[in-house]
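Any read-out appearing in this document is the output of simple, stated calculations on the displayed coordinates, not a laboratory observation. No experiment lies behind these values; they were computed from the predicted model shown. Cβ sites come from the backbone with ideal geometry, for glycine too, and all protein chains shown count toward neighbours.
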Amino acid sequence: AQSVTQLDSHVSVSEGTPVLLRCNYSSSYSPSLFWYVQHPNKGLQLLLKYTSAATLVKGINGFEAEFKKSETSFHLTKPSAHMSDAAEYFCVVTNSGGYQKVTFGTGTKLQVIP
Amino acid sequence: SAVISQKPSRDICQRGTSLTIQCQVDSQVTMMFWYRQQPGQSLTLIATANQGSEATYESGFVIDKFPISRPNLTFSTLTVSNMSPEDSSIYLCSGRAGTRGETQYFGPGTRLLVL
């Protein structure tokens, strides 16, 4: 079985403060994990991905995520929020089995307060 | 990264009509998929578009309602047939690429409103 849980449906931070968006997963196979961002009225853009190399992954726009197998987590962080970071963020897991099933989290809406 | 385009970007349609959405991907893409994103929700996979053969549909989606074609590696269409207001959604085309084909890229989406 494979699942993704985004622990917060909404996160609100002040501009310039750190961002933490939480994601936990379960997978029967060695997973690949992704974070996507969706700005209002836009498609999904890949922020970063983990595919069994370095556990700390750096992505675009200053975001990074750390794969922690012992905690089955892949939390997304950014040291300092910018107004342009306000968007919906999706955590996604795929397995490395013969059929690469893709599972989406329910999304976290990030609000950045000026 | 793979480049994926869709058209139309948005449309407003009358109940009972059909709309065909086109998706063009670049040559890096191996597999192609169609997703639906209902307002305020996450993505739901409709089907995998198979080149030259019938699409593989997920539970709850049927070919009569969502016929899909993929005549070649880089092009696919999704038709939303006999539309009702419940079909109002964003429809996203997606393609898989990457070293092991593990990364999915998305088109900008088609925003459909059915009146």
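GNM remark for chain B: springs join alpha carbons under 10 Å apart, and the peak mean-square fluctuation among B:90, B:12, B:21 falls on B:12. Taking a point 7 Å from the Cα of residue B:13 along the Cα-to-Cβ direction, the residues of region B:53-70 with backbone N closer than 17 Å to it are B:61-70. Spatial offset of region B:1-45 relative to region B:63-103 amounts to 5 Å, using the alpha carbon center of each. For the protein assembly as shown, the Cys residues with no second cysteine's beta carbon closer than 4.7 Å are B:13. Considering only A:49, A:69, A:58, the Gaussian network model of chain A with Cα springs below 10 Å gives its largest mean-square fluctuation to A:69. Applying a DSSP loop filter and a limit of 12 other Cβ atoms within 10 Å to the chymotrypsin sites (Phe, Trp or Tyr not before Pro) in region B:53-99 leaves nothing.
Total lysine pairs in the protein assembly as shown at Cα distances under 16 Å, for residues eight or more apart or on different chains: 10.
How big is the dipole moment of chain A about its Cα centre under a simple scheme where the beta carbon of each Lys and Arg is +1, that of each Asp and Glu is -1, and everything else is neutral? Debye, nearest 20, please.
Details: 9 positive and 7 negative charges, 53 e Å.
Dipole magnitude for chain A comes out near 260 debye.
Grab the beta carbon distance between residue B:77 and residue B:1, set R0 = 22 Å, and tell me the FRET efficiency rounded to 0.05. Could you put the intermediate results ahead of the total?
On the way: r = 23 Å, r/R0 = 1.04.
My answer for the efficiency is 0.45.
Shown is the FRET efficiency for residue A:106 and residue B:54, computed with R0 = 30 Å from the Cβ-Cβ distance and rounded to the nearest 0.05: 0.50. Of all segments of chain A bounded by chymotrypsin sites (Phe, Trp or Tyr not before Pro) found in a DSSP loop with no more than 15 other C-beta atoms within 10 Å, the longest spans A:30-98.
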